[in-house]
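The values are calculated or read from the model by the stated rules, or taken from the named source; none is laboratory data. Since this is a predicted model, take the numbers as computed values, not measurements. Don't worry about glycine lacking a Cβ; one is built from the backbone with ideal geometry, like all the others, and counts go over all protein chains shown. To get the accessible areas, we keep the full protein, side chains included, count just its heavy atoms, and leave off ligands, DNA and RNA. Shrake-Rupley method; radii C 1.70, N 1.55, O 1.52, S 1.80 Å.
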Amino acid sequence: MTLKRMTFLQHLLTFMGLEGRLHLEWISSAEAQKFVATVTGFTETIRRLGPSPLRIAASRQADDATMSPMPQSGCLDLPKTDAVPETGVQIANG
Amino acid sequence: MSAMTPIQEQVHQWLEEERVDIFLAYRIVEGHPLPYAFTREHIEETGELVTGPARYSLEKFATHIASRYPDARIGMVARDCNQRALNVLRVWNQLKEGQVETVSVNCCPSDLRAHADCSYLERRPVGVVKQQLGQVPNQAVADVDAQPSAERFDRWMYEFQKCIKCYGCRNICPVCFCNECSLEHAELIGTGHLPPDIPIFHLVRAVHMAGRCIDCGLCEDACPAEIPLRLLYRKVNAIVKDLFEYETGSGDTLPPFSILGPKPTMSPTPLLAVAQE
Amino acid sequence: MEMKFVPSICSYCGTGCGVLFEVLDGELVGTLPMKTHPVNHGKLCIKGWNLHEHINSPLRLKNPLLKTFGRFTKVDWDKAMDVTADRLKAVIAAHGPDSVGVLVSAKMTNEENYLAQKFARAAIGTNNVDHCARL
């Protein structure tokens, strides 16, 4: 079940553009060296991938109360006219 | 009772013969095609039965009836998406085997079934900005897969942050029936701000749609922020099909993630092969 | 077993979205957006989606309650009306009609809201009327 879910999730995260950040490994308590190797290896992988785009997006959102509707990494070139609900807007009571 | 259409005649006959207790279809009320429950007491109303053009989740109404009257025999007009939803609901024990009798009507195109001729459901064209970005309506999963990863990330974060957390996608979903929903779990998804926690809110829902979404597109129709949910859930189902060879909506077995039910399904063979690489 | 679908208009704000109430055996069990409604085109906000919830809420007030010595006691309608009328008259006599305000609710019908504002303007004589859906 874990294997199914994790494999599925890896594919879903890839579709989201967050590939390589999820890893599953079975390590017994007797396999200390495997544990070390896995953790070291995965830490290296994550370091190579750099900070999470989610973290960057979150800080961007915090910096700018009216979070830009424009995706920032230059792939999409959206003018600001596309109507986007402002962040932090409370729905009017009624 | 003159000049009834074949479908009207059939429904009339079914009600008369007590083959069904209630029949869910549509009727024009105040100029709007609205869902309508036809019964034996008002059998003359079957002359006003229409099969479209609006599309509501009749099977969801059927589950509401079934939860109150477990032995009720329910009839309904069914497009292909309704039929798939009924299959899923039956597998999940929301409806009993054979409880719902359907009259098939024509339907809209879907990745899960090609047959289609419902012109009402042709997609509205997308806006100018999206056209410039090449985002066509009913974008194919393969086209999105082909984009660079960073572009996909930006696209989805942009789509998700439009969310106003109306829960419309969940509320309208024919195969969403849980009494307690993960999307309302404060420890999984933070509360009190808009947009909701992205992408967690949408990914939690996407994960729950795996092996369950019947690609009816009602969620996308109901989304006030025009988030391409159908595309997301199509991808989710494509993953399920690739990994587990599970055909969502066929209604044979429970989906691969299910740990409930009498028979645990889906041998892990294809996955073990992946893991050992 | 009786199932009805009743088209209506959302009362929560002035937009006027078309909603469809799902009524099973005379009990309101769900709200749906009306697909063909020209205002909302089959979409709703979270409030509209939950339009039916307060109707069957166990927290609903079903009797008039009179607050005496800091405690609420159940009274009948005649008593409640008498007390309200007497107190309102006393307040108006002492401080004028503009000392009274009438607050109405989105959880009542449009007609009840109309009557309430009519009551404020014609019977009490004040324009102090407000509604939570005044956008």
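Taken residue by residue and averaged, Cβ atoms of other chains lying within 10 Å of the Cβ of C:29-37 number 6.
Label sites at C:Asn56 and B:Ile28, each approximated as a point 7 angstrom past Cα along Cα to Cβ, lie 3.3 nm apart.
Summary of the geometry: the stretch B:1-80 and the stretch C:61-110, compared by the centres of their Cα atoms, lie 47 Å apart. Once the Cα atoms are used to define both axes, helix C:77-95 deviates from the longest principal axis of chain C by about 60 degrees. On the beta carbon distance between B:Leu188 and B:Gln147, with R0 = 45 Å, the FRET formula returns roughly 0.95.
With protein chains left intact and a 1.4 Å probe, residues in the stretch B:6-104 average 40 Å² of accessible area per residue. With the whole protein complex present, A:Ser29 retains an accessible surface near 130 Å², based on a 1.4 Å probe. Summarising the amide proton neighbourhood of C:Val19: residues at separation of 5 or more, or on other chains, whose placed amide H is nearer than 5 Å comprise C:Ser8, C:Ile9, C:Cys10, C:Met34. Buried accessible surface for the C/B pair, both sides summed and rounded to the nearest 100, is 2500 Å² with a 1.4 Å probe. Averaged over peptide B:234-243, the number of partner chain Cβ atoms lying within 10 Å of each residue's Cβ comes to 3. Shielding by partners for peptide B:144-151, expressed as the average number of C-beta atoms from other protein chains within 10 Å of each residue's C-beta, is 4.
Charge dipole of chain C (Cα centre as origin; +1 on each Lys and Arg Cβ, -1 on each Asp and Glu Cβ, all else neutral): 360 debye, rounded to the nearest 20. A simple charge model with +1 on the Cβ of Lys and Arg, -1 on the Cβ of Asp and Glu and nothing else charged puts the dipole of the stretch C:14-87 at about 340 debye relative to its Cα centre. Mean separation of Cα pairs under 8 Å and 6 or more residues apart, divided by the residue count, gives the stretch C:31-135 a relative contact order of 16 percent. Just the protein heavy atoms count here, and of the accessible area of chain C at 1.4 Å, carbon and sulfur take up 58 percent.
State the Cα centre-to-centre distance between the stretch B:218-248 and the stretch C:1-49 in whole Å. That distance is 26 Å. Within the set of other residues whose C-beta is less than 15 Å from the C-beta of C:Ala93, count the net charge using Lys and Arg as +1 and Asp and Glu as -1. Taking every other residue near C:Ala93 into account, the sum is 0. Taking a Cβ cut-off of under 15 Å around B:Ala186, the surrounding Lys, Arg, Asp and Glu residues balance to a net charge of -3, with basic ones at +1 and acidic ones at -1. Note on C:Ile46 and C:Lys67: with the Förster distance fixed at 35 Å, the Cβ-Cβ geometry gives a FRET efficiency of about 0.60. Here the contact order of the stretch B:6-104, divided by its residue count and restricted to Cα pairs under 8 Å and six or more residues apart, works out to 27 percent.
Chain A and chain C together bury an accessible surface of about 400 square angstrom, both sides counted, with a 1.4 Å probe and no ligands or nucleic acids included. Computed with a 1.4 Å probe over protein heavy atoms only, the accessible area of B:Cys81 comes to about 10 Å². Ranked by the mean number of other Cβ atoms within 10 Å of their residues, highest first, the peptides B:6-13, C:87-94, B:237-244 fall in the order B:237-244, B:6-13, C:87-94. Using the Cβ-Cβ distance between B:Ser250 and C:Ala80 with R0 set to 45 Å, the FRET efficiency works out to roughly 0.15. Within the same chain, lysines fewer than 8 places from C:Lys118 are excluded, and of the rest, those with a Cα less than 21 Å from its Cα are C:Lys89, C:Lys107. Calculated from DSSP H runs of 4 or more alone, at -39500 (n - 2.57) each and per residue, what is the 222 nm mean residue ellipticity of chain C, nearest 500? It comes out at -7000 deg cm²/dmol, rounded to the nearest 500.
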